[in-house]
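Engineer: Got a structure here, written out as structure tokens. Questions coming.
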Amino acid sequence: MRRFIVIGQRAAASGDFLLHDLPGTSGRLDVLLRCLRAALLVSHGVRRDTTAYLVLLGGTRAPRALRVEGSIAEYLRPDERSLANLVRKALATAPSGPEFAAIRHGLAIADGGLDSVLADLRHATPYVLEEGAADVREQPLDTAAPAFFVGDDLGFDEVTRNRLRGVGAKPLSVGPMSLHAEDAIAIVSNEVDRRRAATG
Ligand SMILES: C[S@@+](CC[C@H](N)C(=O)[O-])C[C@H]1O[C@@H](n2cnc3c(N)ncnc32)[C@H](O)[C@@H]1O
């Protein structure tokens, strides 16, 4: 099982954004939706071995976190508008507490931020994707149960960085350029694919 956790520093934790103006009205939830696509969807299918979390730290209902499990998720489509609709419906649900509560097949929500996700990760090995860190290609990687933390367009705030350091998340880079978050996800996922293929 591989996991991706995307931290949206100001991403809307309530559904009151406009589908036709996501970047302008949702605290850049559009960035997180592209990450969801990159983490979970491949050509004509879903990565059944992947779970993605969106941590939503913006607006009056924050913090909240969404969990999408590729193993059982249904009706995941690659276009941003469909994913935004899915997330908006999930955000319309009543408060459920800090543990993840299922909304529908493969989709769950928690009224908590990073701590709710960390409590859900159990035996995963945490990594934080950071520009300027050690290159993933030259580092050992737990390909069986990695959990990759990814920043939004603003990167990580200091509180999150310290919390991730506190749980021993190892910083990794995916190359010398500062990339869009979804591209960093695609590259590190490809690295996991390659290493798994090489070891059978
Ligand atoms: C657009 S970047 C954030 C840029 C932001 N200005 C900053 O200084 O952090 C979004 C996220 O993608 C990931 N990322 C981007 N480029 C990366 C790289 N070369 N290696 C590892 N992660 C990267 C990081 O998690 C980053 O927080």
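Engineer: Suppose we keep only residues that are aliphatic (A, V, I, L, M) and part of a loop (DSSP other than H, G, I, E, B) within region 152-185. Which one would you say is farthest from the ligand (Cβ to nearest atom)?
Structural biologist: Val167
Engineer: List pairs: first residue in region 65-80 and within 24 Å of Pro95 (Cα to Cα) and open to solvent by 60 Å² or more (accessible area, probe 1.4 Å), second residue of a type outside the set (Val, Ile, Thr) and modelled with pLDDT of 90 or more anywhere in the structure, Cβ distance under 6 angstrom, at least six positions apart or on different chains.
Structural biologist: If the second residue must be of a type outside the set (Val, Ile, Thr) and modelled with pLDDT of 90 or more, the pairs left are Ile72/Gly106.
Engineer: Moving on to the next point. Give the number of residues within region 156-178 that are open to solvent by less than 70 Å² (accessible area, probe 1.4 Å) and not polar (S, T, N, Q).
Structural biologist: Residues meeting the conditions: 13.
Engineer: Which one of these is open to solvent by 10 Å² or more (accessible area, probe 1.4 Å), modelled with pLDDT of 95 or more and not hydrophobic (A, V, I, L, M, F, W, C): Gly45, Gly15, Gly97, Gly27?
Structural biologist: Just one listed residue meets the conditions, Gly27.
Engineer: Whether any residue in region 133-141 is in a helix (DSSP H, G or I), within 16 Å of the ligand (Cβ to nearest atom) and open to solvent by 10 Å² or more (accessible area, probe 1.4 Å) is what I want to check.
Structural biologist: The answer is yes; a qualifying residue exists.
Engineer: List every residue pair whose Cβ atoms sit under 8 Å apart, with the two residues 6 or more apart in sequence or on different chains, where the first one lies in region 11-25 and is polar (S, T, N, Q) and the second, anywhere, is outside any loop (DSSP other than H, G, I, E, B).
Structural biologist: That search, which allows pairs on different chains as well, returns Ser14/Leu91; Thr25/Ala12.
Engineer: Test Glu130 against the criterion of being within 16 Å of the ligand (Cβ to nearest atom) and open to solvent by 10 Å² or more (accessible area, probe 1.4 Å), and give yes or no.
Structural biologist: yes
The values are calculated or read from the model by the stated rules, or taken from the named source; none is laboratory data. Predicted model, so just to flag it, every value in this text is computed and none were measured. Every residue, glycine among them, receives a Cβ derived from its backbone with ideal geometry; neighbour counts consider all protein chains shown. In case anyone asks, the SASA skips ligands and DNA or RNA and just uses the protein heavy atoms, side chains included. Shrake-Rupley method; radii C 1.70, N 1.55, O 1.52, S 1.80 Å.
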